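See structure below.
The values are calculated or read from the model by the stated rules, or taken from the named source; none is laboratory data. The model shown is predicted, which means the values in this text are computed figures rather than measured ones. Using ideal geometry, Cβ is built from the backbone for each residue, glycine included, and neighbour counts are taken over all protein chains shown. Please note that ligands, DNA and RNA were not included when accessible areas were found on the heavy atoms of the full protein model with its side chains. Shrake-Rupley method; radii C 1.70, N 1.55, O 1.52, S 1.80 Å.
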Amino acid sequence: MDNAGLRDAAAGLFPGGVNSPVRSFRSVGGNPIPIARGQGPFVFDTESRRYIDFVAAFGPLILGHAAPPIVEAIRQAAGDGTAFGALTPGEVDLGRRITEATGLERIRFVNSGTEATMTAIRLARAATGRDIVVKFDGCYHGHSDGLLVKAGSGVATLGLSDSAGVPGPIAGLTAVLPYNDPAALAAWFAAHPADTAAVIVEPIAGNMGLIEPSPAFLDALQRIPRAHGALLIADEVITGFRLRYGLSGVLPAADLVCLGKIIGGGLPVGALGGRRGLMDLLAPLGPVYQAGTLSGNPLVMAAGAAMLDALADGRACYRAAELAGHLQDGVETGLRRAGVPGSVVRRGSMLTLFFREGAPHDYETARESDSARFAHFHRAMLNRGVMLPPSQFETWFVSAAHSEAEIDSAVTAAHEALREVASL
Ligand SMILES: Cc1ncc(COP(=O)(O)O)c(C=O)c1O
């Protein structure tokens, strides 16, 4: 089946023709490209057209597509059986690697980042005996009811649902504050000193495009909730093991940490972890129920262990970041030459080109980007064989499988695409 045939068939099977909304290209227009296979830094559509890929499955694939050690690990694990509903050696192996690399005393494996954050919040509520959760505008923590909430009109209001089907009383248990605003966090706790169970945050935000946390914000996150008896949950689903081997290191005082993506080697995974006393509130030791038929699945554990093996010496993370730096330099040069206002924000191997002057510091400033220009740029890059995430508010991921040649090609494409954008 060719690309169009596959899209038509999918449209008759899946709402919007996809199984996760961002894949539908709604925010950039044009037709989504069905991917038949990937190899290293490339993906290939069903018509064998090749693209340099910076989507990387939205983060997990820091070694590129079909990395041989991971494929081999999955193959071997599958030969021994795909699921047992019992403890397996692979869980202990990956669990040890993660706890040693992160300092988390206990972890629990789940099947997605959504499950990890949902469970972390349940745990925080049980540990504190409180109900309110604070999140930050523009941070995404998966699609559980209480986290699909947007800010009300005031800064420190309880949230309104961002999705149909979320009951008002559930959305009303989540408060949404602006990212990078220590004063708003302080004001929230001054007004509600004893109601908040937890503050959940992406330590380096990747879901409104890439946004750097300010030192003052990081400091406030680690001081203020604790001073009021609330827990801090660091959502490192994207950043864990990408910026370095282990956690990002920017929120060392977090009480609970959520992981996903890279630790599963590209298979479905999530995990939450923290100190022993807190984590042992989970069933079967404690009263907080959480379970999963396929949690700790042997294929996932094997893929994750092979991934962490390949990352342990730090060279792959370093290489991916170095290449991302070259991509950033090239795109910035392209912006200058084309005279297009824009800003490239990068941390390690993650980067975003915002079509606005200066780096944004929160969701409001991120939204000042010219999304129409991004949509045109995205299409122009696709036409030149470069696959970028299909939204202004996603992060591009560079892998250690990219080489200078792919980065140079992507930069050349970006220069041409930016000239097109300039003439809009
Ligand atoms: C920071 C963050 N947390 C949680 C999630 C949810 O993870 P999943 O899509 O595996 O449910 C995502 C997904 O992109 C994420 O970026």
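Couple of notes before you dig in:
- Segment LEU281-PHE84, length gained on full extension (0.36 nm per residue, minus Cα span): 68.4 nm
- Solvent-accessible area of the chain (1.4 angstrom probe, protein heavy atoms only): carbon and sulfur portion equals 53 percent.
- The simple Förster model, with R0 at 35 Å and r as the Cβ-Cβ distance, assigns VAL71 and GLU364 a FRET efficiency of 0.25.
- Net charge contributed by nearby residues that have their C-beta within less than 10 Å of PRO298 (K/R +1, D/E -1): -2
- GNM remark for the chain: springs join alpha carbons under 10 Å apart, and the peak mean-square fluctuation among THR196, THR412, THR352 falls on THR412.
- Amide hydrogen neighbours beyond the local backbone of ILE62, cut-off 5 Å, H modeled: none
- Computed over the chain: relative contact order in percent, which uses C-alpha pairs under 8 Å that are six or more apart: 21 percent
- A full extension of the chain between THR293 and SER48 corresponds to an added length of 84.5 nm, given 0.36 nm per residue minus the alpha carbon distance.
- Loop-located trypsin sites (Lys or Arg not before Pro) in the range 260-310 (DSSP state other than H, G, I, E, B) with a sparse environment of at most 13 neighbouring Cβ atoms within 10 Å: ARG275.
- Look at the alpha carbon pairs under 8 Å that are at least 6 residues apart: their mean separation over the length of the range 70-194 gives a relative contact order of 17 percent.
- The protection proxy used here, the mean number of other Cβ atoms lying within 10 Å of each residue, ranks peptides 354-361, 3-10, 286-293, 132-139 as follows, highest first: 132-139, 354-361, 3-10, 286-293.
- Subtracting the Cα-Cα distance of ALA190 and HIS415 from 0.36 nm times their residue separation leaves 76.1 nm of extension gain.
- Per residue, the average separation of C-alpha pairs within less than 8 Å and at least 6 apart gives the range 295-424 a relative contact order of 28 percent.
- Rolling a 1.4 Å probe over the heavy atoms of the protein chains gives the range 246-291 an accessible area of 35 Å² per residue.
- Spacing of the two label points (7 Å from each Cα toward its C-beta) at ALA164 and GLU322, in nm: 5.2 nm
- Descending semi-axes in Å of the range 195-262, equivalent ellipsoid built from Cα gyration tensor: 20, 13, 11
- Averaged over its residues, the range 1-110 has an accessible area of 55 Å² per residue, based on protein heavy atoms and a 1.4 Å probe.
- Taking ASP219, ASP255, ASP181 as the candidate residues, the one with maximal mean-square fluctuation in a Gaussian network model of the chain, Cα springs under 10 Å, is ASP219.
- Between ASP131 and ALA405, the FRET efficiency from the beta-carbon distance, with R0 = 45 Å, is close to 0.25.
- Ranked packing of 211-217, 26-32, 235-241, most packed first, by mean Cβ within 10 Å: 235-241, 211-217, 26-32
- The chain: most fluctuating residue of ALA73, ALA116, ALA191 per GNM, C-alpha cutoff 10 Å: ALA191
- Over all projection directions, the Cα-based convex hull of the chain averages an area of 20.0 nm².
- Stokes-Einstein translational diffusion, the range 227-296 - Kirkwood Rh over all Cα pairs, 1.002 mPa s, 20 °C, in µm²/s: 160 µm²/s
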